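K.L.:
Dropping a structure here in structure tokens format, bear with me for questions.
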Amino acid sequence: MNRPTHGALHHVEIWVPDLDRALASLGWLLQTLGYAVSQSWATGRSWLLGPTYLVLERSPDLTDDRYDRCRPGLNHLAFHVEDAATVEELAVDAARNGWSLMFPELHPHAGGPQHYAAYLQNADGFQVELVAIDTAQSG
């Protein structure tokens, strides 16, 4: 592993209302994007990619059972994806793994004409954005 860059993200911990649902959707996505499971315990799991890790946990201190991306705090996570074709493949596969496409009438340019991405939401209301690195295929 390379030495992290000063200021780079170290980790993100997401508290989820249902760990099994989170593993089915977010866990599937993380593994598909190349993250490897690094730790697993009764109420959580962590995935590692390079020096950054992401945790999903059903904490006993959770104060609500529904995530709301419109409340103060984290709105969504955005991930780099190789190219437009991969964004489309992941969007199709995501529908079979607990995700629904947001803004379908604007897909794949919901973020603007120069931004090729899929915006996805899972059953718990958590949103991810899959952003094409190479948009040459996007037309």
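K.L.:
Just to be sure I understand, how many residues within segment 32-56 are open to solvent by 60 Å² or more (accessible area, probe 1.4 Å) and either within 19 Å of Leu19 (Cβ to Cβ) or touching a Lys or Arg at 6+ places or on another chain (Cβ under 8 Å) (or both)? Reasoning before the result, please.
P.N.:
Taking segment 32-56 first, the residues open to solvent by 60 Å² or more (accessible area, probe 1.4 Å) are 32, 37-42, 45, 48-49, 53.
Retained after the next criterion (residues that are either within 19 Å of Leu19 (Cβ to Cβ) or touching a Lys or Arg at 6+ places or on another chain (Cβ under 8 Å) (or both)): 32, 37-42, 45, 48, 53.
So the count comes out to 10.
K.L.:
While we're on this one: What number goes with the only condition from (1) in a loop (DSSP other than H, G, I, E, B); (2) polar (S, T, N, Q); (3) open to solvent by 50 Å² or more (accessible area, probe 1.4 Å) that Ser59 does not pass?
P.N.:
Checking Ser59 against (1) in a loop (DSSP other than H, G, I, E, B); (2) polar (S, T, N, Q); (3) open to solvent by 50 Å² or more (accessible area, probe 1.4 Å), the one that fails is (3).
K.L.:
What pairs can you find where one residue is in segment 45-66 and farther than 17 Å from Gln127 by Cα, the other is in a strand (DSSP E or B) and among the small types (Gly, Ala, Ser), and their Cβ atoms are less than 7 Å apart, with a gap of 6+ or different chains?
P.N.:
Short answer, once both residue conditions are applied: Ser46/Ser38; Trp47/Ala36; Trp47/Ser38; Leu48/Ala36; Leu48/Ser38; Tyr53/Ser38; Tyr53/Ser46; Arg58/Gly44.
K.L.:
Collect the residues in segment 90-138 that are of a type in the set (Asp, Glu), open to solvent by less than 50 Å² (accessible area, probe 1.4 Å) and in a strand (DSSP E or B), keeping them in residue-number order.
P.N.:
Answer for segment 90-138, where residues must be of a type in the set (Asp, Glu), open to solvent by less than 50 Å² (accessible area, probe 1.4 Å) and in a strand (DSSP E or B): just Glu129.
K.L.:
Here are some conditions: (1) closer than 24 Å to Arg66 by Cβ; (2) in contact with a strand residue (DSSP E or B) (Cβ under 6 Å, 6 or more places away or on another chain); (3) open to solvent by 40 Å² or more (accessible area, probe 1.4 Å). Asp18 meets all but one. Which one does it not meet?
P.N.:
The failed condition is (2).
K.L.:
Where the second residue is β-branched (Val, Ile, Thr) and part of a loop (DSSP other than H, G, I, E, B) and the first is within 24 Å of Trp28 (Cβ to Cβ) and lies in segment 105-124, which pairs have Cβ atoms under 6 Å and are six or more apart or on separate chains?
P.N.:
Tyr116/Thr135
K.L.:
Next question, about the same structure. So which strands (runs of 3 or more DSSP E) are wholly in segment 1-53 and hold at least 1 residues that are touching a helix residue (DSSP H, G or I) at 6+ places or on another chain (Cβ under 7 Å) and aromatic (Phe, Trp, Tyr)?
P.N.:
On the way: elements: 11-15, 36-41, 44-49.
Here the list reads 44-49.
The values are calculated or read from the model by the stated rules, or taken from the named source; none is laboratory data. No experiment lies behind these values; they were computed from the predicted model shown. A quick note on method: Cβ atoms are made from the backbone with ideal geometry, for glycine too, and the neighbour counts reach across all protein chains shown. Remember, those area values only see protein heavy atoms, side chains included, never the ligands or the DNA or RNA. Shrake-Rupley method; radii C 1.70, N 1.55, O 1.52, S 1.80 Å.
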